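Reading through the C-alpha cells given below for one structure.
Read-outs: derived from the displayed coordinates by stated rules, not from any lab. Just so it is clear, the model here is predicted, and its values are computed rather than measured. Don't worry about glycine lacking a Cβ; one is built from the backbone with ideal geometry, like all the others, and counts go over all protein chains shown.
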Amino acid sequence: MIRVQYPEPEFKIETRNGQPHIFDSLRKKWLVLQDEEWIRQNFIQHLLQHMRYPRTLIALEKEIRVGELKKRFDILVYDPQHQPWMLVECKAEQVLLNDAVLHQVLRYNIALPAAYLIITNGNQTLGWKKEPGGLTSIEQLPEFLAHH
C-alpha cells in the first residue's frame, strides 16, 4: 500500500443552493463537494505540494472513449512530452479498493496508456507500474522527473 501524506487542507468551501461546494484550483471552478470530490481534491494537493508534480501537466475529469462508452477519468498526469504517465482513479472513502476498481482503471488505461496506475479512496492507495508482461505493485508514488 502507498502511504499518502495529505497536506493541511486550505480549500475554499462555501454553501450554494443548500449544498457544499469546493473551489477546484486547477480547473478554476466551483464543484459540488461530494465524497469522491473531497478525495480527488486532497489527492491533487498531495501531488502538487508533497510530490511536486507540475500543475500544468495534471488533467482532471476529462471525457474519454472506452470502446462505445463515454467515461470520465479522475486524474491524469502527463509526462513532459504530454504523453499519459500516471492515471489515478478516486473513490469515496467508503468504497473498497477491489478488483472492480482496478478493472475500471485498466479499462481507462486502454484509451490512455499510462506507465502508472493508481487507485485511492483516501484511506488506502494502491498502485502499479506497467511492465512488459504485466503489472508490478508499487509501494510509493513515482517521483516526477522533468527529463523523462
* Normalised by the number of residues in the stretch 4-71, what is the relative contact order in percent for Cα pairs under 8 Å and 6+ residues apart? -> 25
* Sparsely packed GluC sites (Glu not before Pro) within the stretch 1-47, loop by DSSP, other Cβ within 10 Å at most 16 -> 10
* Structure fact -> Taking Cα pairs closer than 8 Å and at least 6 residues apart, the relative contact order of the chain in percent is 22
* residue 92 to residue 55: extension gain in nm, 0.36 nm per residue of separation minus the Cα-Cα distance? -> 11.0 nm
* To do: Tell me the chymotrypsin sites (Phe, Trp or Tyr not before Pro) within the stretch 5-71 that lie in a loop according to DSSP and have at most 16 other beta-carbon atoms within 10 Å.
  => 11
* What is the sum of charges around residue 144, taking Lys and Arg as +1, Asp and Glu as -1, for the other residues whose C-beta is under 9 Å from the C-beta of residue 144? -> -1
* Structure fact -> Between the alpha carbon centres of the stretch 1-77 and the stretch 81-148 the gap in Å comes to 15
